[in-house]
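Please read the structure below before turning to the comments.
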């Protein structure tokens, strides 16, 4: 290790993944360990916060030890510790924050709290070494749908956000309605390949005074109404067609809004981030639209789209360089807004 290298241990526990990673100089991931609880929460059809918190407590030390071992470093080699402190499930966040504070205190190294969405955006820096702000980023996950101008590292202007359900949330609810179970996104993506995306014409919401805002509760309700109507009239429910038509509507809205914003603001770099960014249909549609509009398209590998600590380590590095430091009063903030400190 070079003396000038900045090594950051990052912790992510905002939902149902316990993750730790060691990141060097903000772009090189030395380890990325993720312990997923998906199989556990599948039984309940979604994430149960109390169970998630307990599992984080069980797994966190083990995951950190593994991340350090894989990176071939010790706690003594670290320059700082980064941790997600919001938004997310309060109990789950508290586990990561308490752990990070303990390590920071014991080793006398700086503590850097990271916004979860800033982490998702920063995932794009890992494999796209030439990518630097400013650029436009569409963040689509289970809890968030944001259209953001990344003005500088850690500096954002939010152009649009969802007024109701996040895209990933709508995927989960529709998947449950057609009997696919949890997690909904990957299952709908897979099933829709067998269906006709134009079989149903579900609505696409436009918000009059906010052209970049999103609304997905209408399309979700339309799907549920269609299923109920089929049941009442004894018509066949073609799950693959429903999945494909629903997914097409959501993807078209996401792509249209992102491309419109890029053109309106004269931005020629567009990135996507968040769990739904690993959706193959969305990636393909966005890539095609960017090519047609001469916009450079960036996206992380699927492993860096879903919750992971490497993205938190990258965000923490740029916050660390800017002088962001948190004290022992750092707390979990479940509804933390992007850009808040």
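The values are calculated or read from the model by the stated rules, or taken from the named source; none is laboratory data. This is a predicted model, so every value here is computed, not measured. Methodologically, a virtual Cβ is constructed for each residue, glycine included, from the backbone with ideal geometry; neighbour enumeration extends over all protein chains shown.
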### Query
Given the conditions (1) under 23 Å from the mean Cα position of the chain (by Cα); (2) surrounded by fewer than 21 Cβ atoms within 10 Å (Cβ to Cβ); (3) closer than 12 Å to residue 239 by Cβ, which single one is not true for residue 182?
(3)
### Task
State which residue is surrounded by the most Cβ atoms within 10 Å (Cβ to Cβ) when the search covers only segment 41-60 and only residues that are assigned to a helix (DSSP H, G or I) and free of Cβ contacts under 8 Å to residues at least 24 places away in the same chain.
51
### Query
How many residues does segment 172-205 hold that are touching a residue at least 60 places away in the same chain (Cβ under 8 Å), farther than 19 Å from residue 228 by Cβ and not in a helix (DSSP H, G or I)?
3
### Query
Any idea which of 21, 36 is closer than 30 Å to residue 136 by Cα and modelled with pLDDT under 95?
36
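For every residue, the table says whether it meets (1) at pLDDT below 95; (2) outside any helix (DSSP H, G or I).
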{"position": "261", "(1), (2)": "no, no"}
{"position": "267", "(1), (2)": "no, yes"}
{"position": "287", "(1), (2)": "no, no"}
{"position": "297", "(1), (2)": "no, yes"}
{"position": "307", "(1), (2)": "yes, yes"}
{"position": "312", "(1), (2)": "no, no"}
{"position": "315", "(1), (2)": "no, no"}
{"position": "319", "(1), (2)": "no, no"}
#### Entry: Residue under evaluation residue 223, criteria (1) surrounded by fewer than 18 Cβ atoms within 10 Å (Cβ to Cβ); (2) within 26 Å of residue 45 (Cα to Cα); (3) modelled with pLDDT of 90 or more, criterion not met
(1)
### Message
Among the residues of segment 259-278, what is the count of those that are closer than 21 Å to residue 116 by Cα and in contact with a strand residue (DSSP E or B) (Cβ under 8 Å, 6 or more places away or on another chain)?
### Response
8
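What residue, of 9, 30, is surrounded by fewer than 21 Cβ atoms within 10 Å (Cβ to Cβ), more than 27 Å from residue 171 (Cβ to Cβ), more than 19 Å from the chain's Cα centre (by Cα) and touching a residue at least 12 places away in the same chain (Cβ under 8 Å)?
Details: 9 fails: surrounded by fewer than 21 Cβ atoms within 10 Å (Cβ to Cβ).
The conditions single out 30.
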